[in-house]
């Protein structure tokens, strides 16, 4: 009577090389990626800048979910700095920026960037 030869033992694969590769990929992507760029928006405190108080025509910019209003009149973002310059005597005249509840924070950032680029130095944020 012949017996079959015992089956060879299966060798278990080593996980060490795979763990090394995963670790190296993790380190590579952590070093090569940027998680975010911090940007700072400088908002001067307008309370102490002008001792004379608010003067001149109203300069109220209201942000809604789908429009920008200058003194209640809809206006495009590209036309806002020009319209405000017509209402201002000097660049440090305060501009009041009010966002309504449905307005997004990105809209506030866009308007602040446009006003800063146009040279306005006093922007007052109100609720």
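Computed packing ranks the peptides 62-70, 12-20, 75-83, 29-37 as 62-70, 75-83, 12-20, 29-37, most packed first, by mean other Cβ atoms within 10 Å. Annotation: the antiparallel percentage among DSSP beta bridges lying fully within segment 60-126 is about 45. Convex hull of alpha carbon positions in segment 60-126: directionally averaged projected area 3.9 nm². The fraction of Cα-Cα pairs per 5 angstrom bin, counted from 0 for the chain, comes to 2, 8, 15, 15, 11, 7, 4, 4, 4, 4, 4, 4, 3, 3, 2, 2, 2, 2, 2, 1, 1, 0, 0, 0 percent, rounded to whole percents.
Panel order for 40, 61, by other beta carbons found within 10 Å of each beta carbon, from fewest to most: 40, 61. Counting only DSSP H runs of at least 4 residues, each contributing -39500 (n - 2.57), and dividing by the residue count of the chain, the helix-based mean residue ellipticity at 222 nm comes to -9500 deg cm²/dmol.
Each value in this text was obtained by applying a stated rule to the coordinates, not by laboratory testing. All values derive from a computational prediction rather than experimental measurement. Heads up, the Cβs are rebuilt from the backbone with ideal geometry, glycines too, and the neighbour counts pull from every protein chain shown.
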